[in-house]
Structures are given as C-alpha cells and as structure tokens.
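Undergrad: Okay, here's the structure, questions in a sec.
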Amino acid sequence: MHAWLVVVFVLLFDMSSDFHTTSSLFDSIHGNIQVPVYLWNVIDTPTFQRLRYLKQLGVTNYVFPGATHTRFEHSIGVSYLTGKLINRIAITQPSLEISTRDMELVQLAGLCHDLGHGPFSHAFEVWVNERRKADGVEEKWSHEEMSCRLLNQIADTHALEYSHKELRFVTDLIKGEPSGNLRFLFDVVNNKRNGVDLDKFDYIARDCHHLGLKYTFDPSSLMENCKVIQNEVCYLASEVYNVYELFHTRYSLFKKFYSHNTSKAIEYMFMDALTEVNSCSQPGSNWKISAMVDDVEQYLQLNDSIIQRIEWSTEPEFRHARHILQRVRRRELYCLADQLIVSPEHWPLLANVTANDIVSCQSQATLHVSDLLIHCYKLNYGMAQQNPVNSVHFYSARRSLQKPILTSTRDTQVHRRGSCAEKFCINKEAVSLLIPDQFCEHMLRVYCRDSSKAASAQAAFRRFLARRVSGSFAEQRLVRGHTLLDLKAYHSDQKDILAGKRKRLSGKLD
C-alpha cells in the first residue's frame with residue numbers, strides 16, 4: 001500500500017511538473033498553442049510587454065482599419081513556429097543531434113527578434129538614421145542590434161539562466177549572422193541565405209488575416225516538407241511553386257498595403273512631427289527622441305503612444321508638431337503629386353533626384369524645397385534584382401527531376417529509405433512559364449506638404465523628367481505610374497469640404 005502511494009505521488013508530481021513547464025495561449029492565427037515556461041520568463045517582463053504598444057504595420061491602420069495587430073503577438077507566433085519546426089527536424093533527423101538547449105535558444109531568438117523595433121515600424125529606423133547623420137553620427141542604428149541589446153538587458157535584469165556564449169548565439173540568430181556548427185539553424189528565424197524563414201511565414205499569414213486578404217501561400221506545407229541537407233534547410237521539390245507564392249505574396253503586400261500612398265503620406269506627417277519635437281529639444285531631454293536609441297532605459301519608453309504624448313503636450317515650441325498631427329486627424333494629408341515606376345536598368349538616371357531638382361524646373365516661383373518630399377523605394381522578391389528561389393535548395397526521392405536541376409550536391413546523410421539525400425536548385429522555366437523575368441522595380445513618388453501646390457509640383461516634376469531623360473523614353477519607360485488624383489478636381493473638392501467644415505463649426509458655435 002505504501003509503495004503504491006509513492007508511485008501515485010511520483011506520477012502526480014511529474015504531471016504537475018509538466019503542467020507548470022508550459023501554459024496555453026490562444027493565437028488568432030495558430031489557434032491554441034503551448035508556451036514553455038522559459039519563454040514566459042521573457043514574455044512576462046516590461047521589456048517584452050512593450051511590444052503590445054507597437055503596431056506590426058505602423059500607420060497602415062489609418063487606411064486599413066483592421067491592421068491593428070501588434071509585434072507582441074507576431075513575436076509569440078514566430079517563436080511557436082520555430083519550436084514546431086525544430087522539433088519536427090529533431091524527430092525526423094536524429095543524426096543532426098539537435099539538443100533540447102538548441103531548441104530553446106532558437107525559440108528564444110524567434111521570440112525576441114523584434115524586441116528592438118521602434119514606433120511606426122521601419123519608418124522610425126529610417127528617421128533615426130537621418131537624424132543621426134544630420135548630427136554627424138556616421139554609425140547606423142538598426143532595430144536588430146537593439147533587439148540584441150534588449151535581450152541582454154532582460155537576461156541581466158531578470159537573472160535568466162543563459163551563459164554569455166548562449167546569449168551570443170541567440171543574438172547571432174536574430175541578426176542572421178551564422179556561427180557554430182549547426183549552420184542550418186540560421187535558416188529558421190532570419191534567413192539571409194535565401195529569405196525563406198519563419199518570420200515571413202508568420203507575418204504574411206498574420207498581416208493577410210488582419211488586412212482581410214486571401215492568400216494561396218501555404219506555410220504549413222513547407223514546414224511539413226523540409227529536410228536538412230548539408231547544413232541547409234531544403235524543401236521537397238513539389239513545394240517549389242509554393243516558395244514562389246511566398247515571395248509573390250510578400251511582394252503583393254508591399255505593393256498594395258505596406259507602400260500604400262496614403263499610408264506613406266501619414267507616415268511622413270508623423271515623422272515631420274517627430275522632427276519638429278526633436279529639433280526643439282535639448283540633449284538629455286525626454287523629447288530628444290533621436291538620442292533615446294543610445295540609452296536602453298530611455299528607449300523602453302518609446303512606443304506608438306509618442307504621437308499622443310506630442311498631441312497632449314503643452315510646450316509652446318511643439319505648436320507646429322501638434323498642428324501637423326491635428327491635420328492627420330482632420331484628414332488634411334500631404335498630397336501625392338505624381339509617381340512613376342522605373343525599371344532597375346534605368347534607375348541610375350533618377351536615383352539621386354532631390355527636391356531642389358524639381359523646384360528648379362518650375363515655371364513660376366511658387367514651390368519651395370520644403371514643400372516637397374521625394375519617396376524613392378524598391379519593390380522586389382527580397383533579393384534585389386535576383387530571383388530568390390534560385391538560392392533555395394530542394395530535394396526529391398525520385399530522379400525524374402534531373403532536367404530542371406541547375407546544380408546538384410550529394411550529401412553523406414542517408415534517408416530512412418536508404419537512398420542518398422541530394423539537394424538541387426530548380427529552373428523557373430521548369431515550374432511555370434508565367435513566372436516573371438524581372439524581380440525588382442523602383443518607385444519614385446513626389447509628395448507635397450501643401451496640397452494647394454500639388455499641381456505645380458506635378459508640372460515641375462514632369463518638366464524635370466523631360467530634361468533629365470528623352471521625352472519618348474520618359475513616356476514609354478518611366479511614366480507608368482499615375483497620379484492618383486485629378487488635382488484640379490481634388491482642390492475643388494477640398495475647398496468644398498473645408499467650407500462645409502467651417503459652416504458646421506460656425507453653426508455649433510452659434
């Protein structure tokens with residue numbers, strides 16, 4: 001009887017121990033997931049909780065109201081997918097000798113890869129580096145580097161049981177800088193080899209869900225059909241079109257949502273407000289935002305609420321910043337004067353265009369350099385002008401795919417069936433004849449801070465194009481974008497809208 005009680009006690013203890021090592025969490029994308037206690041030790045810290053107040057897509061929700069999801073949920077999602085993938089590889093390929101600690105560290109990297117992001121997503125990173133350059137600081141600041149600093153801060157502050165070597169390994173995973181023997185682990189969170197990683201798997205699925213966009217890319221199929229060959233994560237050959245769908249979906253998100261012209265206008269207005277506040281503040285001040293990135297404790301105070309803090313401020317020197325933000329609330333946005341698409345081979349002709357170039361081409365002296373904003377950006381499949389799928393390796397148990405093989409390398413690793421695993425690339429012509437030949441395009445946009453000057457800005461910009469390049473070339477190759485507004489009709493509508501607002505306001509005051 002006594003022995004039986006001991007056995008029951010041990011079983012209950014084991015069950016209780018297992019219960020306390022994981023805790024469930026419901027995610028809008030992945031459903032009910034189990035989060036290990038070593039991740040909760042990071043999640044339940046003020047540093048990680050800050051991610052609740054950083055929207056994943058910056059100001060996109062001002063145009064697409066559903067895009068209010070945060071980096072908090074995305075980070076947990078990446079960590080979950082990381083654990084799922086590494087666990088599967090460890091079970092199906094025990095010869096790789098992936099330890100439990102390796103799995104923990106890769107999951108930790110997935111959880112903390114976005115810790116260092118600032119307000120309004122990547123726009124803040126660009127803004128900080130512009131301010132630093134203006135202040136004579138040559139060293140660029142990156143959110144990835146800040147993620148590593150914040151992870152070390154969490155480990156020190158909360159006495160997490162990770163050695164210096166282990167933390168260095170995690171930060172290398174976050175930055176995508178391979179080290180150590182298990183090179184394939186660097187293909188998981190931030191894959192700089194070809195861009196197929198779990199960060200994309202999660203944010204594409206999550207962003208599409210919140211934007212209301214259907215997508216055909218299937219991340220679960222890629223995760224179920226992968227294998228490590230020669231220290232690289234490779235995919236079943238039949239998944240090649242799914243990989244193309246991954247990159248095309250990413251491109252579509254950038255084209256339709258992330259780079260939306262109205263979102264960009266609002267983003268510029270927010271950055272202008274930050275610039276106003278930053279330039280009026282003394283070093284050491286809580287408002288010297290560009291300097292806060294150099295101090296971890298100050299940086300933790302930065303999140304999307306900075307805009308509300310400026311709006312609610314009473315400092316007289318912030319008056320213009322508050323005015324800009326009030327314009328956003330009234331939807332009196334910066335105006336897109338013109339935009340065009342430029343092919344990569346012709347981009348050098350326009351890569352360095354400045355507001356000065358356009359102002360110098362005006363017919364009447366109505367435009368000033370401060371009226372214009374030039375937005376140059378590129379859209380691609382993730383590897384500039386290259387096809388990223390050419391850097392992805394595939395495998396097959398059959399030999400019928402010899403024709404599409406570009407390169408082939410034999411691995412010493414043996415399949416369970418006894419055949420040698422071999423990795424190879426697949427020509428896009430063997431996948432589909434409708435896959436594009438070009439994988440990069442450049443966009444050039446001209447915004448006007450004063451909408452009443454947008455027509456003048458457009459005319460000056462087109463005059464600049466005629467001077468910079470031949471007329472036929474400009475018409476045939478460059479001006480493929482379009483002005484999204486009939487500017488004359490736009491100004492007429494704006495006057496009517498403002499007149500209506502004044503009338504309603506005067507009626508309320510009476």
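The values are calculated or read from the model by the stated rules, or taken from the named source; none is laboratory data. Source: prediction; values computed, not measured. All Cβ positions, even for glycine, are placed from backbone atoms using ideal geometry, and neighbour counts span all protein chains on display. SASA here: full protein model, heavy atoms, side chains in, ligands and nucleic acids out. Shrake-Rupley method; radii C 1.70, N 1.55, O 1.52, S 1.80 Å.
Undergrad: I need the full set of residues from the range 297-320 which are touching a residue at least 24 places away in the same chain (Cβ under 8 Å) and either hydrophobic (A, V, I, L, M, F, W, C) or touching a Ser or Thr at 6+ places or on another chain (Cβ under 7 Å) (or both), in order please.
TA: LEU300, LEU302, ILE306, ILE307, ILE310, PHE318
Undergrad: Turning to a different aspect of this structure: What's the total number of residues in the range 127-136 that are touching a residue at least 24 places away in the same chain (Cβ under 8 Å) and either of a type outside the set (D, E, K, R) or within 13 Å of PHE270 (Cα to Cα) (or both)? Before you say what the answer is, go through the steps one by one.
TA: Of all residues in the range 127-136, those touching a residue at least 24 places away in the same chain (Cβ under 8 Å) come to 127-128, 131-132, 135.
After this cut, where a residue has to be either of a type outside the set (D, E, K, R) or within 13 Å of PHE270 (Cα to Cα) (or both) as well, the list is 127-128.
Within the range 127-136, residues that are touching a residue at least 24 places away in the same chain (Cβ under 8 Å) and either of a type outside the set (D, E, K, R) or within 13 Å of PHE270 (Cα to Cα) (or both) number 2.
Undergrad: So, one more: Go through the range 269-286 and count every residue that is open to solvent by 40 Å² or more (accessible area, probe 1.4 Å) and either of a type in the set (Phe, Trp, Tyr) or free of Cβ contacts under 8 Å to residues at least 24 places away in the same chain (or both).
TA: 5
Undergrad: Give the residue that is farthest from ASP304 (Cα to Cα), with candidates limited to residues of the range 92-125 that are open to solvent by 20 Å² or more (accessible area, probe 1.4 Å) and aliphatic (A, V, I, L, M).
TA: Step by step, filter the range 92-125, then rank; the result is LEU96.
Undergrad: Here is a list of conditions, (1) within 24 Å of TRP40 (Cα to Cα); (2) open to solvent by less than 70 Å² (accessible area, probe 1.4 Å); (3) β-branched (Val, Ile, Thr), and VAL128 meets all of them except one; can you say which number that is?
TA: (1)
Undergrad: Give the range 30-71 a look and list any residue that's over 21 Å from VAL296 (Cα atoms), outside any strand (DSSP E or B), among the β-branched types (Val, Ile, Thr) and open to solvent by less than 50 Å² (accessible area, probe 1.4 Å), or say none.
TA: Within the range 30-71, VAL59, THR60, VAL63 qualify.
Undergrad: For VAL78, indicate whether it is assigned to a helix (DSSP H, G or I), open to solvent by less than 10 Å² (accessible area, probe 1.4 Å), farther than 30 Å from MET269 by Cα and not acidic (Asp, Glu).
TA: Taking the combined requirement at face value, the residue satisfies it.
Undergrad: Contact list please: Cβ distance under 9 Å, first residue in the range 99-125 and touching a residue at least 12 places away in the same chain (Cβ under 8 Å) and on the phi > 0 side of the Ramachandran plot, second residue surrounded by 22 or more Cβ atoms within 10 Å (Cβ to Cβ) and in a loop (DSSP other than H, G, I, E, B), pairs at least six apart or on different chains.
TA: PHE120/LEU54; PHE120/GLY58; PHE120/VAL59; SER121/LEU54; SER121/GLN56; SER121/LEU57; SER121/GLY58; SER121/VAL59
Undergrad: For ASP156, which of the numbered conditions (1) farther than 21 Å from ARG50 by Cβ; (2) surrounded by fewer than 13 Cβ atoms within 10 Å (Cβ to Cβ); (3) modelled with pLDDT of 95 or more fails to hold?
TA: Here ASP156 meets the rest and fails (1).
Undergrad: Just to confirm my filter: which helices (runs of 4 or more DSSP H) fall fully inside the range 137-252 and include at least 2 residues that are free of Cβ contacts under 8 Å to residues at least 40 places away in the same chain and in contact with a helix residue (DSSP H, G or I) (Cβ under 8 Å, 6 or more places away or on another chain)?
TA: Details: elements: 143-157, 164-175, 198-211, 219-224.
Output list reads 143-157, 164-175, 219-224.
Undergrad: Name every residue in the range 226-249 that is open to solvent by 40 Å² or more (accessible area, probe 1.4 Å) and on the phi < 0 side of the Ramachandran plot, in order of residue number.
TA: LYS227, LEU236, SER238, TYR241, HIS248
Undergrad: Considering only the range 56-75, I want to know if a residue exists there that is modelled with pLDDT of 95 or more, farther than 30 Å from MET269 by Cβ and within 27 Å of the chain's Cα centre (by Cα). Full working, then the answer.
TA: Initial filter on the range 56-75 (modelled with pLDDT of 95 or more): 56-75.
Filter once more, so that each one left must be farther than 30 Å from MET269 by Cβ: none.
Within the range 56-75 (the criterion being modelled with pLDDT of 95 or more, farther than 30 Å from MET269 by Cβ and within 27 Å of the chain's Cα centre (by Cα)), the answer is no, since none of the residues qualifies.
Undergrad: Considering the range 170-181 alone, what residues qualify as being open to solvent by less than 40 Å² (accessible area, probe 1.4 Å) and out of contact with any Phe, Trp or Tyr (no Cβ under 9 Å at 6 or more places or on another chain)?
TA: The answer is THR171, ILE174, LYS175.
Undergrad: Answer yes or no as to whether ASN380 is closer than 26 Å to ILE204 by Cα and modelled with pLDDT under 95.
TA: yes
Undergrad: Oh, and also: Can you confirm whether SER470 is within 30 Å of VAL353 (Cβ to Cβ), open to solvent by 70 Å² or more (accessible area, probe 1.4 Å) and at pLDDT below 95?
TA: In short, no.
Undergrad: Can you tell me which residue is least open to solvent (accessible area, probe 1.4 Å) among those in the range 424-467 that are free of Cβ contacts under 8 Å to residues at least 60 places away in the same chain and among the polar types (S, T, N, Q)?
TA: ASN427
Undergrad: Moving on to the next point. In the list GLN339, GLN326, GLN308, GLN298, which residue meets the criterion of being among the polar types (S, T, N, Q), within 30 Å of ALA460 (Cα to Cα) and open to solvent by 40 Å² or more (accessible area, probe 1.4 Å)?
TA: None of the other options fit; the residue is GLN326.
Undergrad: Among the residues of the range 325-347, what is the count of those that are among the small types (Gly, Ala, Ser) and touching a Lys or Arg at 6+ places or on another chain (Cβ under 7 Å)?
TA: Step one: list which residues in the range 325-347 are among the small types (Gly, Ala, Ser), which gives 337, 343.
From the residues that got through so far, the ones that are touching a Lys or Arg at 6+ places or on another chain (Cβ under 7 Å) too are 343.
Going through the range 325-347 one residue at a time, the tally reaches 1.
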